[in-house]
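Notes to accompany the following structure.
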Amino acid sequence: MEEICLKSQGLEDVPDSVMNSNCKHLNLDFNDIFTLPSTFCENLTSLTILSINGNNLVTLPGNICLLSELHELYLKENYIAKLPETLGELKHLQELNLIGNQLKQLPENIHSLCQLVMLNVSENIIESLPNTFGNLECLSFLNLSYNSIEYLPESFGNLTNLKTLDLSSNSLMSLPDSFQNLPSLEILNLNSNKIKTLPDTFLSSHTLQKLVMCQNHLSHIPPWFSEMENIKEIYLSDNYLSKTPFPEEFGEKCLNLELLDLSGNNITGLPNSFGKLTNLSILDLGSSFDETGRNPILSNGNELVCLPNSFCNLKNLSKLELDENQIEVLPEEFGCLKNLTYLDLSKNKLKVLPESFGHFKQLRVCLLSMNYLTYLPPSFGMLKVVEELKLDSNLLEYLPESFENMVALKSLDLYNNKLTKVPEVVKKLKSLKHLELRGNDFGSSLEDLFNISFKPSYQKRDPNLEDNWRGRVRSDIKPDAWVEKKSDIPDRKCLENDSFREALTGAAALWRRHGEKDIRRNPKEFSDLAVNGIDFTAEKDLNSEPDDESEDWNADDFNFESPEILIEANVQDTLETGEVEYWDDDAESYSSKSSTACSSAKDVDPVEESDWETSSEEQFPNNFQRVYRHPSTKESSDDNMQFTPSDFHVQRISRPEVWCAVEEGQFDDAES
């Protein structure tokens, strides 16, 4: 068998059938294996790929060197604290993955893995590397991130074939002099360290494609930054860069640059050659925090006061972040950035916007919060595809009439301005779903706001009772037609008569409203009267005293299509169900009485009390707290069979009457 996969089988030991096999690929990922027996390595000498990720291994067998044909070894997410020295004898090992273990150091002879190409030991607690680490001459991928490494050995510069190096989230304060000798690096990640300076020269400057050095202590940029001909992405946020950190030649050589992140520094200017970065697509010169983490008092951005005129030559720029700077004026040609889709100028000192601002034909997000804008240019309304616009915390007194052309606008923030009335143009924005107007001086004109119509922001759903919101009646939910005719009473005025309401108390369609006084007769009274042998079936006036000479009621004599007879029949049914508890009764349950009239009656499960409110215009409550199932409708010869008002319409219903339960508080947080 070439390959065996026993992934996620809950194994605590390696099965004997596996150790007696002759497989080459073995996958034991995500089991509960604590140890590998010595026979494991003795029997599986043909293994070329071994994967034991996500187990409980604490150590490896000392005879692991017997797996002499092993090319790939994956041991991530275990509890290994130390590797055996014999690991260095795996001469054919090319990939070693030890992510997420508890390693404090690597074996001194790890350099003996002469064929090792990929080494990943991130998320351990390694503090230092062996002095001979640089002898891994074939290594092209090295990930040492999320450890506690404070320094690199001088031999580190001998990793001449290294293309990807990740040293992020360590405690490095400096790099060895030999670091500049790495000639083949393409991706270098030194994020989240304490590095203050970089080497003055760097052999990889011509091959480097991605450089990540966020959250360090860099105060200046070395000259070789202008030599990175193939660089595409540079991340330098949250450093100590100040003034104009880039040399003038930076924009002339780095012509392939697509992303530049300089947020969270103290930069005051940019070189004039900056406009030559014509392939630049994303530029961040603002705050390193996102909008939700922005501090209204403290600034985390840069100190830019103006932008160079050449800045407008960045024709391919799609995302520009200049928030939390000191910019007072934008270049007149600022609108030439025609591919811009995201613009953030929040928390600057802008008083006016250039007339060309309306030329951003692709702009979808425009953030202008916390400036000193007193008006918007007439061309502002030409931003027809903008979906999100933030103008809060400015000095705006009105909006231009062209504002009504922003037909795609969905979110508009105008709070903390100088508006004295709701702008008329806002009422014409048919796509608007979110509008913020607080912090203005509307006075009594705020009532104009109620003339604004918005499309509902909640997702449209099938109009059924399950989608109703607790305590709120939705106009888009109506009872089915058969429900509206449930009681067969064409005129609701008849319900004003206490006798009719008393007779129909068992019908779900006529339950009393929330907070309404319970005018129904206590079922206990019926039970007591029935015990005394009093019969009410011949009553014509349901409020009058019972007549002892009335004849016994016979269900066969009734025409169930007649509402009047239906109501009278319900009275007798109420008499026979002395144990019925109404859905909203506050009184405690009535226990059954030892009565011949009630002894054969079937038990009726009480329905839980509900506090759901319904509209007084509806004939049927909009919500139910428990599943209601329709009683049997088959004819029965049992004289004691119970009839309730909901039984009389069931012949017109072709399917069972079932309402699903709604969990308590399920829609408490729903938006209105």
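Taking the condition of being in a loop (DSSP other than H, G, I, E, B) and under 26 Å from VAL117 (Cβ atoms), how many residues in the stretch 200-228 meet it?
At the first step, the residues of the stretch 200-228 found to be in a loop (DSSP other than H, G, I, E, B) are 200-202, 207-209, 213-222, 228.
Next cut, under 26 Å from VAL117 (Cβ atoms) only: 202, 207-209, 213, 228.
The number of residues fulfilling the criteria is 6.
Tell me the strands (runs of 3 or more DSSP E) entirely within the stretch 360-448 that contain at least 3 residues that are surrounded by 21 or more Cβ atoms within 10 Å (Cβ to Cβ) and at positive phi.
Working: elements: 365-367, 388-390, 411-413, 434-436.
Fully inside the stretch 360-448 and qualifying: nothing.
Please determine whether any residue of the stretch 268-290 is over 21 Å from ASN394 (Cβ atoms), in contact with a Pro (Cβ under 8 Å, 6 or more places away or on another chain) and modelled with pLDDT of 95 or more.
There is no residue in the stretch 268-290 that is over 21 Å from ASN394 (Cβ atoms), in contact with a Pro (Cβ under 8 Å, 6 or more places away or on another chain) and modelled with pLDDT of 95 or more.
Which residues, counting only those in the stretch 332-353, are farther than 11 Å from ASN371 by Cβ and either of a type in the set (A, V, I, L, M, F, W, C) or modelled with pLDDT of 95 or more (or both)? Spell out the reasoning first.
Pass one, the stretch 332-353, residues farther than 11 Å from ASN371 by Cβ: 332-344.
Matches in the stretch 332-353: PHE334, CYS336, LEU337, ASN339, LEU340, THR341, TYR342, LEU343, ASP344.
So which residues in the stretch 237-252 are among the polar types (S, T, N, Q), in a loop (DSSP other than H, G, I, E, B) and either modelled with pLDDT under 90 or farther than 15 Å from SER273 by Cβ (or both)?
Within the stretch 237-252, the first condition is being among the polar types (S, T, N, Q), and the residues that meet it are 237, 239, 242, 244.
When the remaining residues are screened for being in a loop (DSSP other than H, G, I, E, B), the result is 237, 239, 244.
The answer is SER237, ASN239.
So is VAL385 β-branched (Val, Ile, Thr) and more than 18 Å from GLY301 (Cβ to Cβ) or not?
Details: β-branched (Val, Ile, Thr): yes; more than 18 Å from GLY301 (Cβ to Cβ): yes.
Against the criterion (β-branched (Val, Ile, Thr) and more than 18 Å from GLY301 (Cβ to Cβ)), VAL385 qualifies.
Please work out if LEU255 is among the hydrophobic types (A, V, I, L, M, F, W, C), surrounded by fewer than 20 Cβ atoms within 10 Å (Cβ to Cβ) and assigned to a loop (DSSP other than H, G, I, E, B).
Numbers: among the hydrophobic types (A, V, I, L, M, F, W, C): yes; surrounded by fewer than 20 Cβ atoms within 10 Å (Cβ to Cβ): yes; assigned to a loop (DSSP other than H, G, I, E, B): yes.
Considered against the rule, which asks whether it is among the hydrophobic types (A, V, I, L, M, F, W, C), surrounded by fewer than 20 Cβ atoms within 10 Å (Cβ to Cβ) and assigned to a loop (DSSP other than H, G, I, E, B), LEU255 comes out as yes.
Across the stretch 335-365, which residue is farthest from the chain's Cα centre (by Cα) among those that are touching a residue at least 24 places away in the same chain (Cβ under 8 Å) and within 20 Å of ASN302 (Cβ to Cβ)? Can you show your working first?
Of the residues in the stretch 335-365, the ones touching a residue at least 24 places away in the same chain (Cβ under 8 Å) are 335-339, 341-348, 352-362, 364-365.
Filter once more, so that each one left must be within 20 Å of ASN302 (Cβ to Cβ): 337, 342-348.
Numbers: LEU337: 33, TYR342: 22, LEU343: 24, ASP344: 24, LEU345: 27, SER346: 25, LYS347: 28, ASN348: 31 Å.
Among those residues, the one meeting the criterion is LEU337.
Could you please let me know if SER145 is within 21 Å of LEU185 (Cα to Cα), small (Gly, Ala, Ser) and crowded, with 17+ Cβ neighbours inside 10 Å?
Values: within 21 Å of LEU185 (Cα to Cα): yes; small (Gly, Ala, Ser): yes; crowded, with 17+ Cβ neighbours inside 10 Å: yes.
Judged against the criteria, SER145 is a match.
Would you mind finding the one in LEU113, LEU93, LEU106, LEU98 that is in contact with a Pro (Cβ under 7 Å, 6 or more places away or on another chain), surrounded by 14 or more Cβ atoms within 10 Å (Cβ to Cβ), aliphatic (A, V, I, L, M) and modelled with pLDDT of 95 or more? Walk me through how you get there before you give the answer.
Values: LEU113 fails: in contact with a Pro (Cβ under 7 Å, 6 or more places away or on another chain); LEU93 fails: in contact with a Pro (Cβ under 7 Å, 6 or more places away or on another chain); LEU98 fails: in contact with a Pro (Cβ under 7 Å, 6 or more places away or on another chain).
Going through LEU113, LEU93, LEU106, LEU98 in turn, just one is in contact with a Pro (Cβ under 7 Å, 6 or more places away or on another chain), surrounded by 14 or more Cβ atoms within 10 Å (Cβ to Cβ), aliphatic (A, V, I, L, M) and modelled with pLDDT of 95 or more: LEU106.
Counting only residues that are more than 20 Å from ASN371 (Cα to Cα) and of a type in the set (A, V, I, L, M), which one in the stretch 305-331 is nearest to the chain's Cα centre (by Cα)?
Among those that are more than 20 Å from ASN371 (Cα to Cα) and of a type in the set (A, V, I, L, M), it is LEU317.
Answer yes if at least one residue in the stretch 58-71 is under 35 Å from the mean Cα position of the chain (by Cα), β-branched (Val, Ile, Thr) and under 22 Å from GLU12 (Cβ atoms), and no otherwise. Lay out the reasoning, then the answer.
Taking the stretch 58-71 as the starting set, the residues that turn out to be under 35 Å from the mean Cα position of the chain (by Cα) are none.
Checked the stretch 58-71: no residue is under 35 Å from the mean Cα position of the chain (by Cα), β-branched (Val, Ile, Thr) and under 22 Å from GLU12 (Cβ atoms).
The values are calculated or read from the model by the stated rules, or taken from the named source; none is laboratory data. Keep in mind that what you see is a predicted model, and the values were worked out from it rather than measured. Here Cβ is always computed from backbone atoms with ideal geometry, including for glycine, and neighbour counts include all displayed protein chains.
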